[in-house]
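Enquirer: First the structure, then my questions, so here it is.
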């Protein structure tokens, strides 16, 4: 934009409109500027003004013309067609974009060289320190995971921190920025905050030392009474209704509202927090807590739903709040549940009751962890037969609210993966080991918990069925993809296309990847081969994009270790037998889900329906509210359709193998 000094006529007009300036010569204006809409404004320092030709159409039909009215500006640059009105104190050291609407605010200033929240350390998991994550504009759940969890790689973590500090230094400035098309209305104290395009800040009480990375594709909204210090807020998020937060990273499309309180916490994509409290938590994608009495503290969560009154303790009144806990992906808590850290809850498990015995059920995923008479009872694999687990797995992709084309977090939504499959293999071996060590028993002891004999036997069966399903899905997908015509082509098609994927897999807060690949990344960071934080992010995205190639490498080896099937020389009869076994396992698991869903349509579930009538009224009321009969339920229909689809796939696979045999 080309600027010029004010003409003498413009100065006179401004003074006639009650404007004053410490030095009129330090005010520069864009070509086309007119003073018509600059009233009662005090200028000091270096001022740059655009033109004020536009109008703002406000809710309710009100229209306001662009301009400056009743405000004080110090070292401020303002773009075109902005309206700034009724600034009670002043705006200092800011660059304001085009078409911004700023009204009824107290103060907006930058008072020093600021990194705007970049480089702030967040003491997650351990309140006393030791797992700090340094936040910045483009922090991802995966970067944060290795910084917090891979502390044994001291040099790599140190270099990651140095990369973030380099980024923070590059974005540091003595001048704050407010992007284009920003609205700031009825706000209080805003200090050292960088505000992105299309952001709306309405009724906010205080914002200090942070960045709001709003953009046109995914605007950010900060609402009434919000107080925030030392933060990063990413695109598409909303923080409403007297939320308070300090030293927090708020990722893409996160929603915090209804007086939620958070300190020293990380919230990654699609988290949702209302009413309750968070302290020193690592909230991976889709961590959800809605209830006023719920406290999440010193824990790592993802794809998690916290029941009302959920609580954890992170110290035992000895050396302070030094203990931490991990609830692996998909684990959830029932109402009034309690866990004494340290503890580790296996993936997709349900916690009910109070547990103070430091359980580690990470090798028993999909379990129920239930307290009975102060004892923790474990039901291995029970959640695989729960229709709720399947519903959760389907809803998460649909609830991904990210509209920013630049998605930061890598999120894999698969319920069954090498991560959970390997744990189920560990679970089967563990349960069989308990059985062998203890002989015939009604109850088996595991750590400080108990497993009933019936639960142990069911767990072995459910895990085995799920492994059949997962490995069968991988095999049939491979056959469909390559459609081999000869036995030689078949063996070639089944050979892994990537050498990566062997061994243990881990879940890096949403990204499921081989541990070896994460270790290789850390090696390259330590060796100085990767020196830029963007290159680190690119490696995580490479793992994400190659997931299915890596998955098949793992599955290929699992066929040999789990079933004793060597796919490099497998016979057609062996493959056909396994395909039939896979289909049988899928059908059995789906039928179990249908049976579980049927419980939702039992007479006991109709209690309180049709309260003013008899049996017929109750049934009719129930069907009207719940959307029809059991067979008409969309989820039940989808399960029945799934059985048909998988059975058809079995037929296709068997036909392909038959053609090869002929």
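Enquirer: Just a yes or no: is a residue in region 323-330 assigned to a strand (DSSP E or B), crowded, with 24+ Cβ neighbours inside 10 Å and not assigned by TED's automatic domain parsing to the domain that holds residue 390?
Expert: For region 323-330, residues assigned to a strand (DSSP E or B), crowded, with 24+ Cβ neighbours inside 10 Å and not assigned by TED's automatic domain parsing to the domain that holds residue 390: absent.
Enquirer: To continue, here is another question. Every residue in region 501-516 that is farther than 17 Å from residue 347 by Cβ and surrounded by fewer than 19 Cβ atoms within 10 Å (Cβ to Cβ), please. Step through it out loud before you land on a result.
Expert: So the first thing to find is which residues in region 501-516 are farther than 17 Å from residue 347 by Cβ, and the list is 501-503, 516.
Within region 501-516, 502, 503, 516 meet the criteria.
Enquirer: Here's something else I'd like to know. Could you please find all residues in region 397-412 being farther than 19 Å from residue 249 by Cα and modelled with pLDDT of 95 or more?
Expert: So the first thing to find is which residues in region 397-412 are farther than 19 Å from residue 249 by Cα, and the list is 397-399, 405, 412.
Scanning region 397-412 gives 405, 412.
Enquirer: Kindly establish whether residue 33 is in a loop (DSSP other than H, G, I, E, B), in the same structural domain as residue 98 (by TED's automatic domain parsing), over 46 Å from the mean Cα position of the chain (by Cα) and crowded, with 17+ Cβ neighbours inside 10 Å.
Expert: Values: in a loop (DSSP other than H, G, I, E, B): yes; in the same structural domain as residue 98 (by TED's automatic domain parsing): yes; over 46 Å from the mean Cα position of the chain (by Cα): yes; crowded, with 17+ Cβ neighbours inside 10 Å: yes.
Here the answer is yes, as residue 33 does meet what is asked.
Enquirer: For region 265-295, which positions are touching a residue at least 40 places away in the same chain (Cβ under 8 Å), under 17 Å from residue 127 (Cβ atoms) and buried (at least 24 other Cβ atoms within 10 Å of the Cβ)?
Expert: Once the filter is applied, which keeps residues that are touching a residue at least 40 places away in the same chain (Cβ under 8 Å), under 17 Å from residue 127 (Cβ atoms) and buried (at least 24 other Cβ atoms within 10 Å of the Cβ), region 265-295 yields 265, 266, 280, 281, 282.
Enquirer: To continue, here is another question. Anything in region 488-521 that is more than 20 Å from residue 139 (Cα to Cα), outside any helix (DSSP H, G or I) and in contact (Cβ under 8 Å) with a residue 60 or more places away in the chain? List them, or say none.
Expert: Across region 488-521, the qualifying residues are 495, 496, 501, 504, 505, 514.
Enquirer: Could we say that residue 306 is without any contact (Cβ under 8 Å) to a residue 24 or more places away in the chain, surrounded by 19 or more Cβ atoms within 10 Å (Cβ to Cβ), within 20 Å of residue 510 (Cβ to Cβ) and in contact with a strand residue (DSSP E or B) (Cβ under 9 Å, 6 or more places away or on another chain) here?
Expert: Values: without any contact (Cβ under 8 Å) to a residue 24 or more places away in the chain: no; surrounded by 19 or more Cβ atoms within 10 Å (Cβ to Cβ): yes; within 20 Å of residue 510 (Cβ to Cβ): yes; in contact with a strand residue (DSSP E or B) (Cβ under 9 Å, 6 or more places away or on another chain): yes.
It is false that residue 306 is without any contact (Cβ under 8 Å) to a residue 24 or more places away in the chain, surrounded by 19 or more Cβ atoms within 10 Å (Cβ to Cβ), within 20 Å of residue 510 (Cβ to Cβ) and in contact with a strand residue (DSSP E or B) (Cβ under 9 Å, 6 or more places away or on another chain).
Enquirer: Taking residue 622 and the conditions (1) exposed (fewer than 11 other Cβ atoms within 10 Å of the Cβ); (2) modelled with pLDDT under 90, which numbered condition does it fall short on, given that it satisfies the others?
Expert: Failing condition for residue 622: (1).
Enquirer: Sort out which residues of region 375-392 are more than 11 Å from residue 450 (Cα to Cα) and either surrounded by fewer than 24 Cβ atoms within 10 Å (Cβ to Cβ) or modelled with pLDDT under 85 (or both), and write them in order of number.
Expert: Listed by number, the residues that qualify are 382, 385, 386, 387, 388, 389, 390, 391, 392.
Enquirer: Which members of region 222-237 meet the condition of being free of Cβ contacts under 8 Å to residues at least 60 places away in the same chain, assigned to a strand (DSSP E or B) and buried (at least 20 other Cβ atoms within 10 Å of the Cβ)? Don't jump to the end; show me each part of the working.
Expert: Applying the first criterion (free of Cβ contacts under 8 Å to residues at least 60 places away in the same chain) to region 222-237 yields 222-229, 233, 237.
Still in the running and assigned to a strand (DSSP E or B): 222, 227-229, 233.
Within region 222-237, 222, 228, 233 qualify.
Enquirer: Got a sec? Which of 427, 439, 449 is in the same structural domain as residue 346 (by TED's automatic domain parsing) and in contact with a helix residue (DSSP H, G or I) (Cβ under 6 Å, 6 or more places away or on another chain)? Give the steps one after another, and end with the answer.
Expert: Values: 439 fails: in contact with a helix residue (DSSP H, G or I) (Cβ under 6 Å, 6 or more places away or on another chain); 449 fails: in contact with a helix residue (DSSP H, G or I) (Cβ under 6 Å, 6 or more places away or on another chain).
The unique qualifying residue is 427.
Enquirer: For region 441-459, indicate whether the set of residues that are out of contact with any strand residue (DSSP E or B) (no Cβ under 9 Å at 6 or more places or on another chain) and not in a helix (DSSP H, G or I) is non-empty.
Expert: Yes, that holds for at least one residue.
Enquirer: Restricting the search to region 189-218, which residues are in a loop (DSSP other than H, G, I, E, B), in contact (Cβ under 8 Å) with a residue 40 or more places away in the chain and surrounded by 17 or more Cβ atoms within 10 Å (Cβ to Cβ)?
Expert: We begin by selecting, within region 189-218, every residue in a loop (DSSP other than H, G, I, E, B); these are 196-199, 203-205, 213-218.
When the remaining residues are screened for being in contact (Cβ under 8 Å) with a residue 40 or more places away in the chain, the result is 197, 213, 215, 217-218.
Listed by number, the residues that qualify are 197, 213, 215, 218.
Enquirer: Of the conditions (1) surrounded by fewer than 23 Cβ atoms within 10 Å (Cβ to Cβ); (2) part of a loop (DSSP other than H, G, I, E, B); (3) at negative phi, residue 347 clears all except one; give me its number.
Expert: Residue 347 satisfies all of (1) surrounded by fewer than 23 Cβ atoms within 10 Å (Cβ to Cβ); (2) part of a loop (DSSP other than H, G, I, E, B); (3) at negative phi except (1).
Enquirer: Oh, and also: Check region 517-536 and report whether any residue there is closer than 23 Å to residue 481 by Cβ and out of contact with any strand residue (DSSP E or B) (no Cβ under 6 Å at 6 or more places or on another chain). Steps first, answer last, please.
Expert: Filtering region 517-536 for residues closer than 23 Å to residue 481 by Cβ gives 517.
If we keep only those that are out of contact with any strand residue (DSSP E or B) (no Cβ under 6 Å at 6 or more places or on another chain) as well, we get 517.
The answer is yes, given that some residue of region 517-536 is closer than 23 Å to residue 481 by Cβ and out of contact with any strand residue (DSSP E or B) (no Cβ under 6 Å at 6 or more places or on another chain).
Enquirer: Conditions: (1) on the phi > 0 side of the Ramachandran plot; (2) assigned to a strand (DSSP E or B); (3) under 15 Å from the mean Cα position of the chain (by Cα). Residue 273 meets all but one. Number of the miss?
Expert: (1)
Enquirer: State whether one or more residues within region 508-519 are outside the structural domain of residue 161 (by TED's automatic domain parsing) and either over 30 Å from the mean Cα position of the chain (by Cα) or modelled with pLDDT under 95 (or both).
Expert: Within region 508-519, not a single residue is outside the structural domain of residue 161 (by TED's automatic domain parsing) and either over 30 Å from the mean Cα position of the chain (by Cα) or modelled with pLDDT under 95 (or both).
Enquirer: So residue 83 fits all but one of (1) surrounded by 17 or more Cβ atoms within 10 Å (Cβ to Cβ); (2) in contact (Cβ under 8 Å) with a residue 60 or more places away in the chain; (3) farther than 20 Å from residue 5 by Cβ; what number is the exception?
Expert: Failed condition: (2).
Enquirer: Is it fair to say residue 116 is under 30 Å from residue 22 (Cβ atoms) and surrounded by fewer than 20 Cβ atoms within 10 Å (Cβ to Cβ)?
Expert: On the way: under 30 Å from residue 22 (Cβ atoms): yes; surrounded by fewer than 20 Cβ atoms within 10 Å (Cβ to Cβ): no.
Criteria not met by residue 116.
The values are calculated or read from the model by the stated rules, or taken from the named source; none is laboratory data. The structure displayed is predicted, hence computed values, not measured ones. Quick reminder, even Gly has a Cβ in these numbers, built from the backbone with ideal geometry, and neighbours come from all protein chains shown.
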